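A.B. asks: For reference, the structure I am asking about is given below.
Computed from the coordinates by the stated procedures, all read-outs in this text should not be read as laboratory data. Computed from a predicted model, the values in this text were never measured in an experiment. As a convention, Cβ positions derive from the backbone with ideal geometry for all residues, glycine included, and neighbour counts pool all protein chains shown.
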Amino acid sequence: MTRSVLGIVGGSGLYDMPALENKRWQAIASPWGAPSDDILFAEIDGLPVRFLPRHGRGHTLPPSAINYRANIDALKRAGVTDLLSVSACGSLKEELAPGHFVLADQFIDRTFAREKSFFGPGCVAHVAMADPVSPALVDLVETAAREERIEITRGGTYLVMEGPQFSTRAESNLYRSWGCAVIGMTNMPEAKLAREAELCYATVAMVTDYDCWHHEHTDVDVAEIIRVLSENVDKAHRLIERLARAFPRQHPPCPVGSDRALDVAIITPPQARDPALVAKLDAVAGRVLGRTT
């Protein structure tokens, strides 16, 4: 079996954890461009953990400027097998109040200005996204949250908007009519790319506000988001530490096949593949293309 390596992508405050041991920042080069930042290599109770600041340390990158392909590729090169996204989001449901955590199990991708696949002309692939998160990873995260007495809801659709502006009231009400649970700007195409890279993926959506639909609450603003988000950091630390200590040290097969997503995804036959693109896919798809990093 493969050794488990837990990846965390999220805000910079997540990395100031007392439980982290043997810490070192390392630059990981990617053929897809520059990742958001260096990756923090560390351990928790012997489990290898890799942290990547999604927006860069200091939060210098807006959602549309993040190089999601480079981020996922770099994490794969760092040995990550399971990727947990920790993201601030707005609530689209009354019962999901600020401070609540949501384990989203579906996504609606409304982004339009981002590169969404590692594949393309010269090597075409179509991965299955019906079940975009790995239930085994979600099980572990849910158990850790409940053991830490963190208010968490399992299941719900995460609407991913382009940003960087927040929703109009009409948009917010439209997404509510679709039954969405939370809204944010970062989990797509991240989840799609994680699936192409055969990483087990899950997201913890940390509610910071009610977007702009709730008539009894003020419209969303950055100051309020930062205030609630800072309150969530301690909970996120406790969740990640508990998760890491209980994490299986040998990686079991993913129940929905996230770790073998490319087995039946690549359509282009070997003789027709573009060698330059295949070379760039060495980390993401080396297992099925016969290349290794």
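A.B. asks: If I go through segment 115-136 residue by residue, how many of them are over 18 Å from MET188 (Cβ atoms) and not in a strand (DSSP E or B)?
C.D. replies: Result for segment 115-136: 5.
A.B. asks: Which of the residues that make up segment 102-116 are of a type outside the set (Val, Ile, Thr) and either crowded, with 24+ Cβ neighbours inside 10 Å or in contact with a Cys (Cβ under 7 Å, 6 or more places away or on another chain) (or both)?
C.D. replies: Hit for segment 102-116 is ALA104, nothing else.
A.B. asks: Of the residues LEU239, LEU243, LEU193, LEU229, which is at negative phi, touching a Ser or Thr at 6+ places or on another chain (Cβ under 6 Å) and part of a helix (DSSP H, G or I)?
C.D. replies: LEU229
A.B. asks: Output the residue which, of all residues in segment 147-190 that are assigned to a loop (DSSP other than H, G, I, E, B) and touching a Ser or Thr at 6+ places or on another chain (Cβ under 6 Å), is nearest to ALA246 (Cα to Cα).
C.D. replies: Only one residue tops the list, namely ASN187.
A.B. asks: Out of curiosity, is TRP25 assigned to a strand (DSSP E or B) and either of a type in the set (Phe, Trp, Tyr) or surrounded by fewer than 17 Cβ atoms within 10 Å (Cβ to Cβ) (or both)?
C.D. replies: Answer is yes for this residue.
A.B. asks: Then there is this: Check whether at least one residue in segment 214-235 is within 18 Å of GLY10 (Cβ to Cβ), crowded, with 23+ Cβ neighbours inside 10 Å, more than 14 Å from the chain's Cα centre (by Cα) and among the acidic types (Asp, Glu), and report yes or no.
C.D. replies: The answer is no, given that none of the residues of segment 214-235 is within 18 Å of GLY10 (Cβ to Cβ), crowded, with 23+ Cβ neighbours inside 10 Å, more than 14 Å from the chain's Cα centre (by Cα) and among the acidic types (Asp, Glu).
A.B. asks: Then there is this: For residues in segment 128-184 being without any contact (Cβ under 8 Å) to a residue 60 or more places away in the chain and β-branched (Val, Ile, Thr), which is surrounded by the fewest Cβ atoms within 10 Å (Cβ to Cβ)?
C.D. replies: THR168
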